[in-house]
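These notes are about the structure you will find just below.
Values quoted throughout were computed directly from the atomic coordinates according to the rules given, and no laboratory measurement underlies them. What you see is a predicted model; the values in this text were computed from it and never measured. Using ideal geometry, Cβ is built from the backbone for each residue, glycine included, and neighbour counts are taken over all protein chains shown.
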C-alpha cells in the first residue's frame, strides 16, 4: 500500500504542475466557471458509462499545506483531478502492452488560475494508448465546450 500512496502522491504532484505545459499535458480553455467545468467533466465521464473512482482536490490540498511546506505563492484558485477507468479499454491497451498499467487510472483535470479555467489530461504515449488519448480528449473537449 505504501508504494501506491507514494506513486499516487507523485502523480498528483506532477499533474498539478503541468497545466499549460504542452509537452506534458493537453489543455482546453473554457469560459465556464470552475464549478461548471468540474460538473461538465463529471457528466462527460459518467455519460460514457464510466465510474469516477476518486476526485482529488489538488487545489485545496496545495492551499491547505502551503505554509506547512514553505510555499510562498498560491498556484491555483481551484484544481480537481477526476480519476476513472474503463474495463473494456484498459483490457484492450494492456493486452497490447501490459506496461500500460502505468497509465491507469485515467485522469482529467480542471484548474482555475485567476479566473482562467482549463480542462485537460496528461499526454500519453502514441501507439497502444491512442484509444485512451481519444477518450480523454473527447471528455476534455466536451467539458470545455470545444
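Which FRET efficiency value, to the nearest 0.05, do you get for residue 48 and residue 23 by plugging their Cβ-Cβ distance into 1/(1 + (r/R0)^6) with R0 = 30 Å?
It comes to 0.65.
Tell me the Kirkwood hydrodynamic radius of region 2-144 in angstroms, computed as one over the mean inverse distance between distinct C-alpha pairs.
Result for region 2-144 stands at 15.5 Å.
Kindly give Rg over Rh for region 23-85, based on alpha-carbon atoms, with the Kirkwood expression for the hydrodynamic radius.
Looking at region 23-85, the ratio lands at 1.03.
Run the quick spin-label model on residue 85 and residue 99: label points 7 Å from Cα toward the beta carbon, then report their separation in nm to one decimal.
Taking the two extended label points, one gets 2.0 nm.
Once the Cβ-Cβ distance between residue 123 and residue 64 is put in as r, and R0 is 35 Å, what FRET efficiency do you end up with, to the nearest 0.05?
That pair, residue 123 with residue 64, gives E of 0.80.
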